[in-house]
Amino acid sequence: MQAQGSQVPARAKQGSEANSHDKWSWVEASVWTERMLAALENGVKGGKWFSLIDKVRRVQTLQAAWQRVRANKGAAGVDKQSVNAFGQRAEQYLQELSDALVAGTYKPEPIKRVEIPKAGGKTRPLGIPVVKDRIVQTAVKMVLEPIFEAQFLDCNWGFRPRRGAKDALREVSELLKQGYTYVVDADLESFFDTIPHDRLNARLAERISDGRVLELIDGWLRQDIMIGLERWRPTKGTPQGAVLSPLLANCYLHGLDVHLDSQEMRVVRYADDFVVLCRNAQQAQAALGQVQDWVQANGLKLHAQKTHVGDAMQPGQGFEFLGYRFEAGRRWVRKKSMQAIKDRIRGLTRRTRGDGLARAIEQINAVLRGWYAYFKHARPQTFRNVDGFVRRRLRSMLRKQRGQRARSSRALNDHRRWPNAYFAEQGLFTLQAAHASASRSRCS
């Protein structure tokens, strides 16, 4: 790193002193000195940062990275070493990692790929690096993330410090109220699997001039992938599940944010999920053309069936974003999100489960509380429907545990034998009650 002369304090500080800058209080204090934080604000010579590998390979940095990996837990990779197993000899392993990085002998292991179920019977691929690779990636992320955060635009809400999906949803709601109702709902087809490696590396090199750090990242991009005994090397994309993938995705799509940044349109993006909001149909069509041009020029592809332009205030022309559907001035839970919560409840209320009602309610409550925290702005009818579905599933489970058939004539009287009040007495969390309580709090 070369900072611009007198703009940077002469004395560098570490530890808690680095957190005196509230804007950057989230950065890893053992890495980012006061001098480096000042450089973030004032800029560095040539706009590029170098001599970063020394910070990555320090044992102190790897220890901080290990703490984050341990907190996140996660499954074992292809070497079958769990987080707990690594922890038993963490001090030795971290020193070995540091030595390998210093000597240039560090090589990433293949990524274990698994398929994660999605709504509708579909799956999505998830890559699981080994623990040691997750640690080194985390160390690199701690060093690089502030550098790229300093240039990211406000329209980017995904996988960033102090930002999240709820913030993006609030931004969309506010823009719709301001009259940005003509919306380009764009969908990038298989984005994480199709990012061109050469172009991504070029984006990173615009800000990072440390060749050893860039080589590390390129090595992770080209890690072999394994499913069972099958093994291959990818030629493009970055694996979903890798620690560094969200940051790399944001780096690549930053160009799209810049391309669309104007007074006539507003972009709200969460990773590869984004919408462009405009004030009239002409602006929206022009925005779609700009999106198509940028996507094609950058080696990506729009999903033709999932990309459209519409007036979100008109019935039938709404759009879906981060689990919600915005249409005709209302915010609904989209069908896939409703299907997902019902599938989770079905899994917890199998008629063959052997433990009691109390355990089932405990597990259901955890799911419903998390679901409500995210979807609490949905229409009240949604909460009544989900609550009714949960109780029907519980009644079916209780009927089976009493040796009665699922379709017996007695099923019609289940609500009398186990009324709503019965489940309330058992401690079942209900979305309707939570919504009513929140509404009273807002009115008081």
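The values are calculated or read from the model by the stated rules, or taken from the named source; none is laboratory data. For clarity, every value in this text was computed on a predicted model and none was experimentally measured. Neighbour counts are summed over all protein chains in view; Cβ atoms, including those assigned to glycine, are modelled from backbone coordinates with ideal geometry. The area values use the complete protein model at the heavy-atom level, side chains included, leaving out ligands, DNA and RNA. Shrake-Rupley method; radii C 1.70, N 1.55, O 1.52, S 1.80 Å.
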message: If I filter segment 19-38 down to residues being under 17 Å from F152 (Cβ atoms), in a helix (DSSP H, G or I) and out of contact with any Ser or Thr (no Cβ under 9 Å at 6 or more places or on another chain), which single residue comes out as modelled with the lowest pLDDT?
response: K23
statement: Inside segment 343-362, the number of residues satisfying the requirement of being open to solvent by 70 Å² or more (accessible area, probe 1.4 Å) and of a type in the set (A, V, I, L, M, F, W, C) is 1
- line: Flagged in segment 298-315 as open to solvent by 60 Å² or more (accessible area, probe 1.4 Å) and more than 25 Å from the chain's Cα centre (by Cα), in numbering order, are M313, Q314, P315
task: Scan segment 158-179 residue by residue and report those that are over 14 Å from L247 (Cβ atoms), touching a helix residue (DSSP H, G or I) at 6+ places or on another chain (Cβ under 9 Å) and assigned to a loop (DSSP other than H, G, I, E, B).
output: none
task: For segment 196-236, enumerate the residues that are modelled with pLDDT under 95 and either among the small types (G, A, S) or assigned to a helix (DSSP H, G or I) (or both).
output: G228
query: Under 7 Å by Cβ, and 6 or more places apart or on different chains, what pairs join a residue from segment 16-43 that is farther than 14 Å from E145 by Cα and acidic (D, E) with one that is at pLDDT below 90 and not in a helix (DSSP H, G or I)?
result: E34/P9; E34/A12; E34/K13
message: Restricting to segment 66-120, and then to whatever is in a loop (DSSP other than H, G, I, E, B) and acidic (D, E), can you tell me which residue is farthest from L244 (Cα to Cα)?
response: D79
message: Can you say whether Q290 is open to solvent by 50 Å² or more (accessible area, probe 1.4 Å) and more than 26 Å from P196 (Cα to Cα), as far as the supplied structure shows?
response: no
- request: Taking A271 as the residue in question, decide whether it is at negative phi and of a type outside the set (F, W, Y).
  value: no
query: Residues in segment 207-224: is at least one among the basic types (K, R), out of contact with any Phe, Trp or Tyr (no Cβ under 7 Å at 6 or more places or on another chain) and farther than 30 Å from F326 by Cβ?
result: yes
- prompt: Taking segment 68-84, which residues are without any contact (Cβ under 8 Å) to a residue 40 or more places away in the chain and surrounded by 13 or more Cβ atoms within 10 Å (Cβ to Cβ)?
  reply: R70
message: Would you confirm whether or not segment 55-69 contains a residue that is at pLDDT below 95 and either of a type in the set (G, A, S) or more than 21 Å from T105 (Cα to Cα) (or both)?
response: no
task: Take segment 363-396 and flag every residue that is crowded, with 16+ Cβ neighbours inside 10 Å and charged (D, E, K, R).
output: D387, R391, R393, R395
task: Filter segment 238-266 for residues that are in contact (Cβ under 8 Å) with a residue 12 or more places away in the chain and farther than 20 Å from H197 by Cα and give the result.
output: V258, H259, L260, D261, E264, M265, R266
